[in-house]
Amino acid sequence: MILLAGNWWAIALRGVCGILFGLTAFFWPGIAIAALVILFGAYAFADGIFSVIAAVRAGSNRERWGSLALEGVIGIIAGIWAFVAPAVTVVALVALVAAWAVITGIFEIVAALRLRKTMKGEWLLGLAGIVSVVFGIVLGMAPIAGAVLLAIWIGAYTLVAGILQLVLAYKLRRWLQHADTSHSERLAA
């Protein structure tokens, strides 16, 4: 708990990023979708190149290299595919985002249940988890609803989650300050 509270600023920064991305997606959904496809393509391509380099190095050291090489080739192909067929990439990203949201939401709910014993306000993390799970399920049920709708859904999700994370960060910071004050008072006594 102290580690989480000590990093309240990281949760606040995550919240601010979520809010900024959410607002961008609302006002310029096409830019949000294009940015997602470009970032994914660039990441997959770069990751593929680095995996191929790692495979070559592993092979020169007589280590296993086959899976690294395969991973690298798939990454390079996925990166190129994102630029050549962005519409297909959007549909694939919809499925990826849906799965990510559900998994993230489950972990946030579990973390909130664990925090319940040590602090008040943990329900905010649980609520963020529920929002994540619901968002992932809805998105998975309608993957071809359109890129603009996807951008708006992602924008709404990140905006709400960002606000909840800012509130949680504020509560963690207050909890940490209270814990530090209580500790200082005990030392002085």
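What follows is calculated from the coordinates using simple rules that are stated; it is not laboratory data. Owing to the predicted nature of the structure, the values given are computational and were not obtained by experimental measurement. Note that each Cβ is placed from the backbone with ideal geometry, even for glycine, and that neighbours are counted across all protein chains shown.
Among the residues in region 155-176, are any touching a Pro at 6+ places or on another chain (Cβ under 6 Å), touching a residue at least 24 places away in the same chain (Cβ under 8 Å) and closer than 28 Å to Phe27 by Cα? Scanning region 155-176, I find no residue that is touching a Pro at 6+ places or on another chain (Cβ under 6 Å), touching a residue at least 24 places away in the same chain (Cβ under 8 Å) and closer than 28 Å to Phe27 by Cα, so the answer is no. Give the number of residues within region 86-129 that are in contact (Cβ under 8 Å) with a residue 40 or more places away in the chain and among the aromatic types (Phe, Trp, Tyr). Residues in region 86-129 being in contact (Cβ under 8 Å) with a residue 40 or more places away in the chain and among the aromatic types (Phe, Trp, Tyr): 0 in total. Residue under question is Ala5, and the condition is that it be among the aliphatic types (A, V, I, L, M), over 30 Å from Asp180 (Cα atoms), part of a helix (DSSP H, G or I) and in contact with a helix residue (DSSP H, G or I) (Cβ under 8 Å, 6 or more places away or on another chain); does it hold? Considered against the rule, which asks whether it is among the aliphatic types (A, V, I, L, M), over 30 Å from Asp180 (Cα atoms), part of a helix (DSSP H, G or I) and in contact with a helix residue (DSSP H, G or I) (Cβ under 8 Å, 6 or more places away or on another chain), Ala5 comes out as no.
Residue by residue, here is whether (1) farther than 26 Å from Val160 by Cα; (2) of a type in the set (Phe, Trp, Tyr) holds:
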{"position": "Val37", "(1), (2)": "no, no"}
{"position": "Ala44", "(1), (2)": "yes, no"}
{"position": "Phe50", "(1), (2)": "yes, yes"}
{"position": "Trp65", "(1), (2)": "yes, yes"}
{"position": "Val88", "(1), (2)": "yes, no"}
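The number of residues in region 14-48 being loosely packed, with under 14 Cβ neighbours inside 10 Å, in contact (Cβ under 8 Å) with a residue 24 or more places away in the chain and over 16 Å from the mean Cα position of the chain (by Cα) comes to 3.
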